[in-house]
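Have a look at the structure below before the remarks.
The values are calculated or read from the model by the stated rules, or taken from the named source; none is laboratory data. What you see is a predicted model; the values in this text were computed from it and never measured. Every residue, glycine among them, receives a Cβ derived from its backbone with ideal geometry; neighbour counts consider all protein chains shown. Ligands, DNA and RNA are excluded from the accessible area calculation, which covers all protein heavy atoms including side chains. Shrake-Rupley method; radii C 1.70, N 1.55, O 1.52, S 1.80 Å.
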Amino acid sequence: MQSRWVYRAGLALLLALDAGCLVRDVSMPDAGFDAALGDRTEPFDMGRAGDSMVVIVEDSGAPDAPTQGIDAVAPPADHSPIDVATPVEDSSVRADSQPDSAMDSPVDTGVGPADTGVGPIDTGVAPTDTGVSPMDTGVAPMDTGVAPADTGVVADTGAMSDTGVAPADTGIIRDTGVGNDGSRDVAGDGDVHEPPSSLDYCARITDRTPVTMYLASDDSNSVASPQIARRLITTGVRVPAEVIRTHEFMNYYNPRFAPAPAGAVAITGALRPIAGSGQWDMQVAVQSESRTMTQVAPMVITFLIDTSASMSFERMSRAQAVIRAIAAQLRPGDVVSAAGWNVTARTLLDGVAVSGPNDPRVLAMADSLRATWEDTDLARGLTYGYALAMAHRTRAKLNRLVLISDGEANVGATSAETIGRPARDQINGEIHLVGVSVGDGVNDTLMDRVTDLGRGASLFIDRPEEAAVMFGPRFIETMDIAVRAVRLELELPWYMRVFATSAESISGTPTLVEPQYLSPNDAMVFQQVLQACSPTISAPTDVVRMRATFQDRTTLAARSVSADSTMGAMMGAPEAALRKGAAIVAFAEALKISDLGDRATALAAIDAAIAVVTRARALADDDELREINALLVRHREFRRLL
């Protein structure tokens, strides 16, 4: 039933004209219709919403946006890149079977040749049982004959839930199901009653104080999920829904904003109304300062390299590429140590003060690395690596332990919590763990959790040139910290609720949302869909308040930045970044739906996502959107044959 939510809800939302394609978090409890109308005394904790764009729908409080058939939103048949010089019509209110045939001809995706012979990613999660027959999409008939507004979302059409209890109003809305005619289970009894347009939901809200929600994302430099997805797509294999973490897609394909002043953050917000639905697409970005290598503190880098048997061949070559890329960024006086491990560990470099970029001793260490025919004791390796890093730690410097592994721990401690204990215990020592996964079949679940405990970036090097990118132009973003403990406080008008969010966690109680680090040259970008109790209740002068709390990187002093705006002002903001954010989310959610749904469902989701990307490219095309488009086209061909 939980997986049924993921692809039924996500597909319905993807079929909107140009929304962020949003999937309800499967960990959330079901609830009745009146949850949006209570006293708001028990804030809802989403915890680590994490792996999906979270659709939080209990009661829309307003009519649903009409659903449109896929033919109306599909791109041209060849999915060729659009000519951005050509105007694109935009209807927004504001300007397990085998393949049944071989591919007739290769698709021109713009993505490099596939590297085949790859095993699936080991997520550490059992395959998902959708609980839904292939043909049951849960979506209303596709051809409604109604041209929907340029929305961003339609209401979730997932399975109904009947708790018999009306939870407290949390500011977060959860879905109770929609009939094919747009009517809802407004009584929460499993039967569809009158359409929501016949009810005065606003009159039922007794608490007219502003709605305040707290949001946070994963550390802004964690990006492994989209890198893994790209590798699987280009090799022509299944992309498991379990490896898709939408907030990491937002980290990797990041809309850019004007930098903040040094030591601070800047808040940018934009809204786009969804005509007739009482919904708005919202984007809020918390942007850090700009920083160059001359402004980065002297570094103490400790490499911890997995040399077990599973690191043979291309895995070790990628590990070497990572070390060489980091070596190219070193400056005179930076300190480098290195250790290799399998079931035992040994020191390869011990506190070497380098002469500058590409120090011969560091490069020679990289060249000497060889996989052995031994097992992997990751817990022992981390303990050894942290001890080596601590021996050279200097508080005035940037201290990083760079773990390079496929995460295949098969001896000693094997649970993520036990393995990650050294990382957790060293946080006060200011040695942050940067986890670099290499090789197909990587244990992504383990590597992601260990780097979470170590409060550093999580990456996957899917191709040799990716090492040069992430530890070249994006070195500072990957390795440094601008500010600590970032959390967004979002205050909305009383009639507004959060329908969906890309945040990793959200709650009405700040202590339930763990703050996260923000890197320089980076932003935490939150995509939301907001739902009003009525399509006509808002006014341009209604106030929206955004406040980011954070800590100074060095002193840990508590600070905050606020940005008060109005609905009208936010609707007047430029749309390019908002549209790009929607495209990024659409990409991630389409991959998830493609894995969980049948072929027709998958193709519909991918086509809708391509349409979202096409509209974003019409406003501001860039290399990232072109890559997303090419990957969607390539994955569509794979899914068509599956």
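Sort through D542, D522 and tell me the only one that's modelled with pLDDT under 95, within 30 Å of I274 (Cβ to Cβ) and acidic (D, E). Quick ask: steps written out before the conclusion?
Working: D542 fails: modelled with pLDDT under 95.
Result: D522 is the single residue among D542, D522 that is modelled with pLDDT under 95, within 30 Å of I274 (Cβ to Cβ) and acidic (D, E).
Which one of T376, T383 is of a type in the set (S, T, Y) and either loosely packed, with under 14 Cβ neighbours inside 10 Å or part of a helix (DSSP H, G or I) (or both)?
When all the criteria are applied, what remains is T383.
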Restricting attention to the range 220-263, the residues that are of a type in the set (D, E, K, R) and in contact with a Gly (Cβ under 7 Å, 6 or more places away or on another chain) number exactly 1
Q) Does A353 satisfy the criteria of being within 30 Å of G263 (Cβ to Cβ), modelled with pLDDT of 95 or more and open to solvent by 30 Å² or more (accessible area, probe 1.4 Å)? A) yes
Condition set under 17 Å from I267 (Cα atoms) and among the aliphatic types (A, V, I, L, M), scope the range 468-511, selection farthest from the chain's Cα centre (by Cα): answer is L492
Item to complete: Tell me, yes or no, whether the range 601-609 has at least one residue that is surrounded by fewer than 24 Cβ atoms within 10 Å (Cβ to Cβ) and either at pLDDT below 95 or under 29 Å from G236 (Cβ atoms) (or both).
Response: yes
A careful count of residues in the range 234-253 that are crowded, with 24+ Cβ neighbours inside 10 Å and either touching a Phe, Trp or Tyr at 6+ places or on another chain (Cβ under 7 Å) or among the polar types (S, T, N, Q) (or both) gives 3
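Conditions tested, residue by residue: (1) more than 32 Å from the chain's Cα centre (by Cα); (2) closer than 23 Å to L459 by Cβ; (3) of a type in the set (D, E, K, R).
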| residue | (1), (2), (3) |
| --- | --- |
| G356 | yes, no, no |
| P360 | yes, no, no |
| T376 | no, yes, no |
| T383 | no, yes, no |
| L388 | yes, yes, no |
| T394 | yes, no, no |
| L398 | no, yes, no |
| G407 | no, yes, no |
Screening A270, A258 for residues that are crowded, with 23+ Cβ neighbours inside 10 Å and either in a helix (DSSP H, G or I) or more than 14 Å from the chain's Cα centre (by Cα) (or both) leaves only A270
From the option list I606, I537, single residue qualifying as part of a helix (DSSP H, G or I) and not hydroxyl-bearing (S, T, Y) is I606
Of the residues in the range 317-346, those that are at pLDDT 90 or above, among the aliphatic types (A, V, I, L, M) and open to solvent by 10 Å² or more (accessible area, probe 1.4 Å) come to A321, A325, A328, V335
